[in-house]
Structure formats: structure tokens, C-alpha cells
Amino acid sequence: MKKTQVALAALALVASTAAMADGVKVYGTADTSFANDSTGTYFAGAGNNAGSIFGFTGSEDLGSGMKASFTLESGVSFADGTFVNGGYGGAAFAGLFNRQANLAISNETVTVKLGQQISTFVDATLTGLVGTTGNAGFVPALARVTGGLGGTAASNLGGASTTAFFYGDLISASVNLGGATITGQTQVGNKNNAGVSKGTYSAASITGSVGGINLAAAMMNDETAAGVKGSVYTVGGNTQVSGVTFRGSYGSGSSDGYDGSGYALGADYSLSDALAVGYTYAKSDYTVGTFAAAAPGSQNTIGLKYSLSKRTFTYATFSSYGEASSLANNSGSGAAVKSVTSIGIAHSF
């Protein structure tokens with residue numbers, strides 16, 4: 001109870017300060033859905049398409065082409081108001097700003113960012129994954145492409161004190177070369193604020209566009225506090241041809257106890273100004289080690305999205321899996337299931 005009161009007080013303080021600060025913006029998405037799998041029907045307040053988040057961002061002009069900026073971002077469940085959507089980390093990442101809390105200094109060419117932020121490896125890999133099927137499509141597809149929810153066995157199955165989507169204690173640097181952006185990240189220190197040993201993480205990516213094709217390549221190395229090492233590499237992209245958006249991604253990884261590869265293919269098409277349909281197929285052959293039991297085989301996801309306005313849409317998705325999996329089905333029930341159906345509505349602000 002006391003932790004909840006402290007979090008609410010902190011949020012109220014940030015909100016009141018943001019209202020007074022010049023250039024500070026509040027943003028987010030409210031995404032709620034009903035989901036059904038073999039365990040029954042339940043309310044998925046964290047969302048199954050865009051995901052439910054809220055955040056604050058702001059910047060200050062420092063002169064001479066320089067600026068300072070910050071981002072504070074949380075995932076929230078509309079089922080019970082708890083903090084969720086912070087990546088793969090459970091209660092350890094249930095704090096107020098469980099997704100991003102960072103400060104950046106930048107000019108037109110270079111950006112240096114400090115603090116908790118999205119993995120540049122994940123961010124780049126999503127170039128070939130995100131489409132109309134939303135979270136229901138790309139979350140399990142990402143698992144099959146990379147061998148885990150955004151990382152290797154070292155980070156996801158070896159007990160490291162980091163999430164797969166978001167990492168703390170980071171320093172990152174991005175260089176914009178006009179047609180391409182190169183980013184590198186590394187985790188600072190080997191202990192957290194409580195003095196507990198943690199794993200290590202580093203990643204790099206390059207993104208850009210060539211002839212109407214958006215391309216990305218990324219790599220990531222990590223090691224748990226117990227010394228389990230892993231690495232994974234991905235390439236992917238998307239492009240539009242005759243009104244159809246095609247996307248695809250391929251990944252290959254290895255770690256102490258497993259290795260393999262996976263890929264995902266998808267397409268999206270607007271049937272009208274308001275209605276779009278999408279499809280995602282993914283397959284994994286990570287057959288050695290713990291991951292073989294976590295997210296094996298294939299995935300098929302089909303989704304419909306109907307826009308009610310520029311900021312509000314309804315959606316429906318259906319996913320089936322070659323083998324029952326609890327880690328990579330994005331159902332929210334936590335059970336090992338072979339199919340999931342979701343119907344929801346999302347609003348951005």
C-alpha cells in the first residue's frame with residue numbers, strides 16, 4: 001500500500017511539473033482487449049496490439065545546434081492499474097517508469113543517451129516485424145527470430161537482471177549519416193543500485209532506406225551474472241509494392257547450451273481508408289537447450305484493424321502455434337497454449 005501511495009505521489013508531482021514546464025509533452029496509448037485461449041476468456045488490460053503505455057518527454061535548446069531531452073515512460077494495465085509492459089523482467093521492473101527513464105544530449109548528427117532505454121537491437125529488429133497484427137504478431141515472431149523475447153538465452157533464460165526489450169544503466173550513441181543511422185549501446189557497471197551483481201549487455205544496429213526499402217541489421221552480446229554468455233544477429237526490412245507492405249526478418253544466435261536461427265515474414269494491406277488486414281508467419285529452429293521447450297516451431301497470426309479516427313481503432317487477431325508455448329504466445333494468461341484470439345480497442349494521446 002505504501003509503495004502504491006509513493007508511486008502515485010511521484011506521478012502527481014511529475015504531472016504537475018510537466019504541466020508547467022515549457023516543451024514537455026504527455027503521450028501514450030490505452031489498449032484494452034478480451035482474449036481467449038484454451039484456459040478461458042479474460043480481460044487483457046495491457047493490450048494485444050499497440051500496448052498500453054504513458055510517458056513524458058521534453059527538450060531544451062542549448063544553442064549552437066545542441067539540445068537536451070528526456071523521456072520517462074511506463075507500461076500500464078487497464079485491467080487493474082498496475083505497471084506492466086516493461087519487457088521481460090517481472091516484478092523487478094514493476095516500478096513507475098519501467099520502460100524508459102533517460103536523458104540525452106544531441107545535435108543534428110550525434111545523440112548520446114544515458115539511462116534506461118529500449119534495446120537498439122530490438123528496435124532495429126522490429127523494422128521487419130511490426131505490422132497490422134501488432135503485439136499479437138510481432139512479440140511471438142520476435143521470440144522465434146531471436147531465440148527469446150528480444151535477446152539470447154543468456155538474457156532471457158539464464159536469469160540476468162535485465163529485461164529483453166528495455167535495459168537500465170545504459171549509455172548509447174547514435175550517429176546520423178544522412179541515409180543511415182548507426183547506434184551502439186553498452187551497460188555500465190557490473191552491479192545494480194542495491195549492490196547486487198548483474199549481467200552485462202552490449203548491442204549495435206544500423207538502419208536506413210535504399211530505393212524505397214527500409215532496412216536494418218543488429219547484433220547483441222550479453223552475459224548473466226552466473227557467466228552464461230550469448231550473442232544474436234538479425235537482418236530485416238519492409239517495403240510497399242502496389243499498396244501492399246511486405247516485411248521480413250531473419251536471426252541467428254548462439255549461447256552456452258543452445259544455438260539456432262529463425263525467421264518471420266508478413267504482409268499488410270488496406271482494404272479501405274479505415275480497414276486493414278495483416279498476416280505474420282514465423283518459424284524457429286532453435287532446437288538445442290532451454291529455448292527448444294520455450295518457443296519452438298511455427299507461428300501464424302492474422303489480424304484486422306478498423307480505424308474509428310486518426311487516434312482510435314478496433315482490432316481482432318488470431319494466432320496459432322506449431323507447439324504449445326507459454327513464453328512466446330503473448331496471450332497474457334501465462335499458460336502454454338496453441339492458439340489465442342483477441343478483440344480490442346486502442347486510443348493514442
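Read-outs: derived from the displayed coordinates by stated rules, not from any lab. The structure displayed is predicted, hence computed values, not measured ones. Cβ sites come from the backbone with ideal geometry, for glycine too, and all protein chains shown count toward neighbours.
Key figures
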| quantity | calculated |
| --- | --- |
| Sequence-distant aspartates and glutamates (8 or more away, or on other chains) whose Cα lies within less than 18 Å of LYS305 | ASP31, ASP268, ASP273 |
| Unit charges on C-beta of K, R, D, E only; dipole of the stretch 32-144, Debye | 180 |
| In nm, spacing of pseudo-spin labels at GLU108 and ASP61 (7 Å Cα→C-beta vector) | 1.5 |
| Burial ranking of peptide ranges 307-319, 172-184, 41-53 (average Cβ count within 10 Å, highest at the top) | 41-53, 307-319, 172-184 |
| Fully extended contour minus Cα-Cα distance, from LYS25 to GLN240, at 0.36 nm per residue | 74.2 nm |
| Förster radius 22 Å - calculated FRET efficiency between LEU271 and THR312, Cβ distance, rounded to 0.05 | 0.75 |
| Spatially proximal aspartates and glutamates relative to LYS283 (Cα-Cα < 13 Å; intrachain offsets below 8 disregarded) | GLU323 |
| Proximal aspartates and glutamates relative to LYS229, as straight alpha-carbon distance under 14 Å, when same-chain residues fewer than 8 apart are discounted | ASP256, ASP259 |
